[in-house]
Amino acid sequence: MNPGTVKNAPFWTGAVLLFLGIIVTLAAIKLEMSSYVPFVLLNFGVIMLLLFKKYIFNMDFILVTIYVLLASTFLNNAFFSVNLGFFSLFPYRILLIIVGALIVLNLYRSNFRENLWSDWKNVKVKGSLLFFVFWLYYALFTLLWAKSVNDGIKYISILVMGIFLLFVVTLFINNVNRLTVFFYIWVSMSIFLMLIGYVNNLFEFQLPSSTLYDGPEYKAHYPTAVFFNQNDFATFLSITLFFFLSLIRNGKSLSVKIVGIVLSLGALHLIMLTDSRASQLAAVAGVGLYLFLLSSTYIKKWLLIMGSVGTALFIAIFYSKLWEKISSLFFSPTIRDFSAALPSNEGRANLMRNALYFTFDSFGLGIGAGNAEYYMENYSIFDTDEVVNIHFWFLEILTNFGIIVFLGYITLYAYLMYKLYQYYQRGLTNNYKLFVEALLVSLGAFVFSSISPSSVANLYFHWVLFAFALATLNVLRNQSASNSLPKISQPPGY
């Protein structure tokens with residue numbers, strides 16, 4: 001047999017498959033079969049395989065694909081989406097599949113397996129990653145008692161994608177240069193989304209992905225960018241604001257600092273335009289946290305003392321009014337005029353009351369992955385005016401997955417912030433401070449802004465933020481182990 005034929009066998013096999021795929025696709029389209037879409041995607045995949053076959057086993061190509069994947073997470077499904085009935089595909093999901101395929105294909109190479117295993121052994125946040133694996137297994141377990149298995153499977157698919165992204169980022173974004181690229185991908189994509197937000201506001205033009213597309217004219221000016229609504233966009237901006245502020249603080253040139261100032265003002269302005277109170281609160285709280293972070297140890301001590309004393313005095317003075325408000329929202333029966341809309345604060349309170357009731361009714365095990373909306377629609381005890389989303393990410397986790405996953409998540413969240421803060425306190429160069437400051441304050445602000453969106457699970461930037469934080473902590477620990485940074489005591493492998 002001709003050696004050249006053997007060498008090019010994969011190419012000719014792919015060419016034959018492509019030819020057959022085109023024939024089947026054309027036949028499906030001719031017969032008006034909705035199933036032609038997977039064949040089109042298959043053909044596209046084969047074409048890409050043929051065009052880029054010499055790059056598939058190149059580590060740089062995999063890394064570039066991961067960078068493109070990270071950039072695509074900011075676009076959601078605004079510009080391209082293929083509905084497969086049970087599932088929809090858009091750039092983020094397609095690229096996630098491509099990255100997974102590239103990794104699997106490269107596992108056939110012994111040197112790639114060895115390098116990947118070596119990278120995994122060097123991961124210093126294994127415990128954090130394994131918590132997400134536990135979360136996924138527990139989510140599958142909850143399907144045994146979930147009322148809506150379909151909703152559960154859809155929710156679990158989002159978890160699978162998010163957790164896979166965490167593993168990919170932690171394994172491959174494993175040095176300071178790659179983290180810096182990651183940071184500027186976030187900044188660059190944020191600028192693009194902000195420009196779309198201003199187009200929304202100035203020209204009252206909305207993308208089809210927005211609920212305001214062809215919606216009421218009096219709402220057309222709200223900026224939504226590529227998101228479902230203005231609250232989702234505001235949540236994103238309340239996180240991104242601190243990336244811009246970090247750029248001002250740690251930028252290497254005056255021009256970069258000026259860009260950071262302009263972007264920070266733009267982000268604040270857009271948050272105001274969204275009218276999202278939770279995100280406005282998050283921005284204020286984040287700025288306060290940032291000022292605390294930059295203060296000296298002496299000032300921090302006095303700020304903590306004054307804050308504690310001020311909080312205690314406020315509660316003591318306004319105790320009766322506070323208790324009256326809390327009891328009216330959370331402990332009193334809902335009495336309303338059904339000819340008028342339910343007030344927003346009462347609706348939010350009743351969503352929380354229902355969520356807690358469902359949690360206790362499940363004996364703290366959770367009602368099942370993705371079932372919060374189903375329960376809210378069919379088993380509500382307190383009136384929510386037909387709103388079914390909990391609008392509070394942490395409570396959503398508690399309701400769907402129960403106490404164990406909830407406590408694990410908030411513990412990991414707090415631990416991640418605490419460890420990043422420890423490294424920050426021990427002195428970092430500006431190239432590390434650039435993203436450590438941004439991450440620390442963004443994670444703090446997100447606690448407040450997570451009240452705003454209807455759900456956070458399908459806001460992909462949340463997974464990207466968590467991936468960025470884990471990858472950063474992993475790099476810091478590896479640098480500390482190599483004596484490039486001060487060491488910090490820690491539980492092994494957490």
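How many residues are among the polar types (S, T, N, Q), under 15 Å from Tyr374 (Cα atoms) and assigned to a helix (DSSP H, G or I) when one looks only at region 137-160?
Total meeting the criteria: 2.
As an exercise: evaluate Ile404 against (1) within 30 Å of Asn150 (Cβ to Cβ); (2) free of Cβ contacts under 8 Å to residues at least 40 places away in the same chain; (3) surrounded by fewer than 16 Cβ atoms within 10 Å (Cβ to Cβ) and give the number of the one condition it does not meet.
Going through the list (1) within 30 Å of Asn150 (Cβ to Cβ); (2) free of Cβ contacts under 8 Å to residues at least 40 places away in the same chain; (3) surrounded by fewer than 16 Cβ atoms within 10 Å (Cβ to Cβ), Ile404 breaks only (2).
Taking Phe192 as the residue in question, decide whether it is in a helix (DSSP H, G or I), modelled with pLDDT of 90 or more, more than 23 Å from Ser454 (Cα to Cα) and out of contact with any Ser or Thr (no Cβ under 7 Å at 6 or more places or on another chain).
The answer is yes for Phe192.
With open to solvent by less than 40 Å² (accessible area, probe 1.4 Å) and assigned to a loop (DSSP other than H, G, I, E, B) as the only criterion, which of Thr224, Thr211, Thr235, Thr240 stands out? Working first, answer last.
On the way: Thr211 fails: open to solvent by less than 40 Å² (accessible area, probe 1.4 Å); Thr235 fails: assigned to a loop (DSSP other than H, G, I, E, B); Thr240 fails: assigned to a loop (DSSP other than H, G, I, E, B).
Only one candidate qualifies: Thr224.
Scan the helices (runs of 4 or more DSSP H) fully inside region 250-351 and keep the ones with 3 or more residues being at pLDDT below 90.
277-294, 297-317, 319-330
On the given criteria, is Ser253 within 23 Å of Phe182 (Cβ to Cβ), surrounded by fewer than 16 Cβ atoms within 10 Å (Cβ to Cβ) and not aliphatic (A, V, I, L, M)?
yes
Can Ile97 be described as at pLDDT below 90 and open to solvent by less than 30 Å² (accessible area, probe 1.4 Å)?
Details: at pLDDT below 90: yes; open to solvent by less than 30 Å² (accessible area, probe 1.4 Å): no.
When the stated conditions are applied, Ile97 does not pass them.
Cβ contacts < 6 Å: first residue under 13 Å from Leu273 (Cβ atoms), restricted to region 192-209; second residue open to solvent by 20 Å² or more (accessible area, probe 1.4 Å) and modelled with pLDDT under 90, any location; separation 6+ or different chain. Result?
Val199/Phe205; Asn201/His221; Glu204/His221
If you scan region 447-459, which residues turn out to be surrounded by fewer than 23 Cβ atoms within 10 Å (Cβ to Cβ) and either over 15 Å from the mean Cα position of the chain (by Cα) or in a helix (DSSP H, G or I) (or both)?
Answer for region 447-459, where residues must be surrounded by fewer than 23 Cβ atoms within 10 Å (Cβ to Cβ) and either over 15 Å from the mean Cα position of the chain (by Cα) or in a helix (DSSP H, G or I) (or both): Val447, Phe448.
Tell me, which residue of region 405-431 that is touching a helix residue (DSSP H, G or I) at 6+ places or on another chain (Cβ under 9 Å) and among the aromatic types (Phe, Trp, Tyr) is nearest to Gly366 (Cα to Cα)?
The residue in question is Phe406.
Among all residue pairs at least 6 apart or on different chains, which show Cβ distances below 7 Å where the first residue, located in region 259-281, is under 19 Å from Val447 (Cα atoms) and the second is outside any helix (DSSP H, G or I) and not aliphatic (A, V, I, L, M)?
Qualifying pairs under 7 Å: Thr274/Tyr222; Thr274/Pro223; Ser276/Ser452; Ala278/Ser452; Ser279/Ser452.
If you go through region 90-117 one residue at a time, how many are in contact with a helix residue (DSSP H, G or I) (Cβ under 6 Å, 6 or more places away or on another chain), among the aromatic types (Phe, Trp, Tyr) and within 23 Å of Thr73 (Cβ to Cβ)?
Count: 1.
Considering every residue within region 121-139, establish whether at least one is open to solvent by less than 40 Å² (accessible area, probe 1.4 Å) and over 28 Å from Leu476 (Cα atoms).
Yes, the conditions are met somewhere in region 121-139.
Quick test for you: out of Val181, Val169, pick the one residue that is in contact with a helix residue (DSSP H, G or I) (Cβ under 7 Å, 6 or more places away or on another chain), surrounded by fewer than 19 Cβ atoms within 10 Å (Cβ to Cβ) and in a helix (DSSP H, G or I). Break it down into steps so the answer makes sense when it comes.
On the way: Val169 fails: surrounded by fewer than 19 Cβ atoms within 10 Å (Cβ to Cβ).
Testing whether each residue is in contact with a helix residue (DSSP H, G or I) (Cβ under 7 Å, 6 or more places away or on another chain), surrounded by fewer than 19 Cβ atoms within 10 Å (Cβ to Cβ) and in a helix (DSSP H, G or I) leaves just Val181.
Looking at region 381-388, is at least one residue touching a residue at least 60 places away in the same chain (Cβ under 8 Å) and either open to solvent by less than 10 Å² (accessible area, probe 1.4 Å) or not in a helix (DSSP H, G or I) (or both)? It would help to see each step written out before you state the result.
We begin by selecting, within region 381-388, every residue touching a residue at least 60 places away in the same chain (Cβ under 8 Å); these are none.
No.
Scan Leu365, Leu443, Leu434, Leu439 and give me the residue that is touching a helix residue (DSSP H, G or I) at 6+ places or on another chain (Cβ under 9 Å), over 28 Å from Arg277 (Cβ atoms) and open to solvent by less than 20 Å² (accessible area, probe 1.4 Å). Before the answer, list the steps.
Details: Leu365 fails: open to solvent by less than 20 Å² (accessible area, probe 1.4 Å); Leu443 fails: over 28 Å from Arg277 (Cβ atoms); Leu439 fails: over 28 Å from Arg277 (Cβ atoms).
Sole residue among the options that is touching a helix residue (DSSP H, G or I) at 6+ places or on another chain (Cβ under 9 Å), over 28 Å from Arg277 (Cβ atoms) and open to solvent by less than 20 Å² (accessible area, probe 1.4 Å): Leu434.
The values are calculated or read from the model by the stated rules, or taken from the named source; none is laboratory data. Predicted model only: the values in this text are computed from it and were never measured. Cβ coordinates were reconstructed from backbone atoms using ideal geometry, including for glycine residues, and neighbour counts include every protein chain displayed. For the accessible areas, the whole protein counts, side chains as well, though only heavy atoms, and no ligand, DNA or RNA atoms are used. Shrake-Rupley method; radii C 1.70, N 1.55, O 1.52, S 1.80 Å.
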